[in-house]
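*Asks:* Once you've had a glance at the structure underneath, I'll fire off some questions.
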Amino acid sequence: MKRAGAAQRLPEPPEGEPGARGAATRAARRTALALAVAALAALPWIGNTVLVQFGISVLLLATLAQGWNIIGGYTGYPSFGNSVFYGLGAYGVAIAMVQYELPFWVGMLLGLGLGVAFAGLLGLAVLRLKGHHFAICTLGLALVMTAIVSNLEIAGGNIGLVLPLLRSEVLFYELALGLAVLATLTVLWLSRSRFGLGLIAIRENEEGAAVMGVNTTFYKVIAFMLSAAFTALAGGIYAYHITYIDPVGVFDVVLNVKMIIMAVFGGPGSVLGPVVGALILSATAEVLAARLTGAASLFFGIVIVVAVVFMPRGIAHLVRHIGPAGWRYFIDNVRTHRL
Amino acid sequence: MVLLLQVLVSGVLLGGLYALMALGLALVWGVLNIVNLSHGALIMLGAYATWFLYTGAHIDPFAALPIAAASLFALGYIIQRGILNLVIRGPMFNTLLITFGIEVILTYLAQLWFSADFRTINPSYAGSNHALGGLTVPYVQALAFAIDSVLTTAMWMFLLRTRTGRGIRAASQNLVAARLYGVDPKRIYALTFGLGAALAGVAGGLYGTVSQINPYIGGPLTAKSFVIAIIGGLDNPLGVIAGGLFLGVVESLTALYVGPTYRDVASFGMLVLILIARPGGLLGRTA
């Protein structure tokens with residue numbers, strides 16, 4: 001049975017008001033975004049510690065969602081193995097700092113190298129699989145890595161590693177912000193470049209893309225490595241910030257599912273969607289955890305189910321298309337996808 | 001030598017249970033093209049249903065299995081009819097996500113109602129076993145194995161011989177043609193998911209008699225079921241049985257010769273290798 005999904009996820013036509021007005025809105029939009037980033041960078045001097053803590057976690061999640069967006073949203077390969085890159089990044093920092101007493105940035109480089117190398121080597125084998133098979137194979141990889149790292153002495157085995165403590169929330173916040181901005185700029189570049197268009201072509205029709213001269217294997221492996229790079233760096237920052245890591249915690253498949261949910265909730269294959277998705281979902285979860293202790297995970301589950309049923313193409317699509325249709329947008333979504 | 005044989009026997013008995021766990025997942029996957037991430041949660045609910053019937057109403061766990069299966073069937077039917085049928089034509093990862101959402105909800109409710117404590121189903125005959133020329137065969141596991149074989153055969157017969165079973169197979173092969181021949185997809189899909197859930201319910205009840213249960217056992221069991229479905233392919237229940245037995249034996253052997261902590265490396269490593277080498281499953285068709 002052919003799924004109707006492919007045809008509906010064609011790239012959006014560029015919203016081009018022609019001429020000078022278009023250029024003006026673009027410039028205005030760019031200024032607004034730059035101002036937003038500047039405001040975010042100033043947050044540690046305005047807000048309190050709780051807000052900064054929350055900011056670090058949201059920015060790391062946004063980076064993860066954006067990393068998943070590169071391989072899942074743009075290239076159309078639903079990876080469940082991104083938590084492996086996260087874990088490798090975290091362990092890169094932890095092993096460098098604890099076992100060899102190297103500085104933090106060397107650990108970040110080590111984690112980055114491990115993640116990208118892993119993505120390159122395995123990508124060659126795994127990216128030949130499609131759809132469910134790719135999803136499950138990467139899930140299997142994540143489970144294997146958890147089990148292997150639990151048995152490694154250098155990684156502290158089952159018990160994990162304790163990192164040196166650094167009390168500088170501002171530093172972690174700014175690092176996380178920088179990384180999230182870098183990831184988003186990379187995705188912005190993808191949405192305009194020849195390379196990004198190649199990835200979209202692979203998502204929509206891989207054979208077609210190959211016929212049109214896209215070197216699909218090369219494109220897919222590079223996309224996987226890019227995705228791995230951001231995810232590994234986020235893992236490294238997390239490890240130094242949280243100061244304690246163990247295999248089950250950082251190779252967590254649930255974290256991978258969170259990346260997917262945030263990206264899909266925001267709009268896979270869009271530039272700002274994953275960031276907005278990460279922000280909205282984390283904020284709601286945070287508020288709920290404070291108000292109704294314990295029921296947060298129930299709410300999380302309900303949000304996923306409701307979002308998939310009523311807005312299967314994410315917030316980015318919702319914002320652009322809800323327009324005059326209003327609430328009928330949601331009904332129409334159900335109509336197109338139900339049996 | 002006796003040790004090796006003993007490990008093989010436990011591996012086969014464990015594999016029988018694994019096969020039953022994977023059977024429902026493979027059925028839903030093969031027919032509906034949904035990889036049901038809530039499958040393990042359904043197994044967990046089946047285990048709790050059996051546990052409540054045993055400790056609350058003093059019904060023998062094996063006699064409680066049909067009740068557990070019936071309630072899980074009803075739950076599965078409602079989930080498919082009420083939720084999954086609404087999104088089944090959407091992009092692939094939407095069905096993955098929504099079943100994950102259902103898993104989160106079921107796990108949360110189980111933890112709320114049943115608490116996070118470990119439970120065991122411990123009938124009086126739990127520890128007794130049969131000595132067979134130097135080998136010990138625990139009664140409970142042997143009975144679980146027998147039930148599994150009977151159910152798998154019955155499942156196969158149902159798919160091959162009955163009208164509804166043929167409807168299910170037709171829907172999985174070509175939905176449009178099946179519709180033209182009078183198959184109502186909404187009903188058939190709900191029935192199929194219900195059957196998958198009922199199988200998970202039985203598997204859960206049996207799991208509860210051989211192992212401890214808590215609300216969080218679902219995730220790893222879903223992963224194991226995947227491995228088996230991948231090894232066996234989605235074409236017929238016999239492949240799933242073979243996959244279950246294979247995994248049970250490999251896990252037992254790894255635990256004996258390499259070390260218990262390497263069990264998961266073996267099973268999930270095998271999954272990755274098989275997928276890369278033969279995407280259609282070790283025994284099934286190649287894609």
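*Asks:* Take B:TRP156 and tell me if it is out of contact with any Gly (no Cβ under 7 Å at 6 or more places or on another chain), within 14 Å of chain A (Cβ to nearest Cβ) and of a type outside the set (S, T, N, Q).
*Replies:* When the stated conditions are applied, B:TRP156 does not pass them.
*Asks:* Next question, about the same structure. Those residues that are within 11 Å of another protein chain (Cβ to nearest Cβ), part of a helix (DSSP H, G or I) and modelled with pLDDT under 85, I need them from the stretch B:214-256; list them, please.
*Replies:* Of everything in the stretch B:214-256, those that are within 11 Å of another protein chain (Cβ to nearest Cβ), part of a helix (DSSP H, G or I) and modelled with pLDDT under 85 turn out to be B:GLY219, B:PRO220, B:ALA223, B:PHE226, B:VAL227, B:ILE230.
*Asks:* Return a yes/no flag: does the stretch A:130-146 have any residue that is buried (at least 18 other Cβ atoms within 10 Å of the Cβ) and at pLDDT 95 or above.
*Replies:* No, because not a single residue in the stretch A:130-146 is buried (at least 18 other Cβ atoms within 10 Å of the Cβ) and at pLDDT 95 or above.
*Asks:* Oh, and also: Could you check the stretch A:122-146 and list, in sequence order, the residues that are among the small types (Gly, Ala, Ser) and at the interface with another protein chain (Cβ under 7 Å from one of its Cβ atoms)? If you could, list the steps in order and put the result at the bottom.
*Replies:* Step one: filter the stretch A:122-146 for residues among the small types (Gly, Ala, Ser), giving A:123, A:125, A:131, A:135, A:140, A:142.
Within the stretch A:122-146, A:ALA125, A:GLY131, A:ALA135, A:GLY140 qualify.
*Asks:* A further question follows. Please return the ranges of helices (runs of 4 or more DSSP H) entirely within the stretch A:282-339 where 3 or more residues are farther than 30 Å from B:ASP184 by Cβ, within 8 Å of chain B (Cβ to nearest Cβ) and of a type outside the set (D, E, K, R).
*Replies:* Once the helices (runs of 4 or more DSSP H) in the stretch A:282-339 are filtered for at least 3 residues that are farther than 30 Å from B:ASP184 by Cβ, within 8 Å of chain B (Cβ to nearest Cβ) and of a type outside the set (D, E, K, R), what remains is A:296-310.
*Asks:* Are there any pairs with C-beta distances below 8 angstrom linking a residue in the stretch B:90-115 that is more than 8 Å from chain A (Cβ to nearest Cβ) to a residue that is assigned to a helix (DSSP H, G or I) and aromatic (Phe, Trp, Tyr), with the two at least 6 apart or on different chains, and if so which?
*Replies:* From the stretch B:90-115, the pairs are B:ALA110/B:TYR48; B:PHE114/B:TYR48.
*Asks:* Further, regarding this structure: Take the residues in the stretch A:267-281 that are under 13 Å from A:VAL303 (Cβ atoms) and either within 13 Å of chain B (Cβ to nearest Cβ) or among the acidic types (Asp, Glu) (or both); name whichever of them is surrounded by the most Cβ atoms within 10 Å (Cβ to Cβ).
*Replies:* Here the residue is A:GLY277.
*Asks:* Looking at the stretch A:163-191, which of the residues that are of a type in the set (Ser, Thr, Tyr) and out of contact with any Pro (no Cβ under 8 Å at 6 or more places or on another chain) is farthest from A:TYR100 (Cα to Cα)?
*Replies:* Per the criteria, the residue is A:SER191.
*Asks:* Same structure, new question: Part of a helix (DSSP H, G or I), touching a strand residue (DSSP E or B) at 6+ places or on another chain (Cβ under 9 Å) and hydrophobic (A, V, I, L, M, F, W, C): does that describe B:ALA47?
*Replies:* Answer is yes for this residue.
*Asks:* Collect the residues in the stretch A:282-307 that are aliphatic (A, V, I, L, M) and touching a residue at least 40 places away in the same chain (Cβ under 8 Å), keeping them in residue-number order. Walk me through it before giving the result.
*Replies:* First, pick out the residues of the stretch A:282-307 that are aliphatic (A, V, I, L, M): A:283, A:285, A:287-290, A:292, A:295-296, A:298, A:302-307.
The answer is A:ALA283, A:ILE304, A:ALA307.
*Asks:* Okay, moving on. Out of the residues in the stretch B:154-179 that are in contact (Cβ under 8 Å) with a residue 12 or more places away in the chain and either more than 15 Å from B:LEU32 (Cβ to Cβ) or of a type in the set (Val, Ile, Thr) (or both), state the one that is surrounded by the fewest Cβ atoms within 10 Å (Cβ to Cβ). Don't jump to the end; show me each part of the working.
*Replies:* Filtering the stretch B:154-179 for residues in contact (Cβ under 8 Å) with a residue 12 or more places away in the chain gives B:155-156, B:159, B:164, B:167-172.
Those still in the list that are either more than 15 Å from B:LEU32 (Cβ to Cβ) or of a type in the set (Val, Ile, Thr) (or both) too: B:155-156, B:164, B:168.
Values: B:MET155: 20, B:TRP156: 17, B:THR164: 15, B:ILE168: 24.
Here the residue is B:THR164.
The values are calculated or read from the model by the stated rules, or taken from the named source; none is laboratory data. No experiment lies behind these values; they were computed from the predicted model shown. FYI the Cβ positions are ideal-geometry reconstructions off the backbone, even for glycines, and counts take in every protein chain you see.
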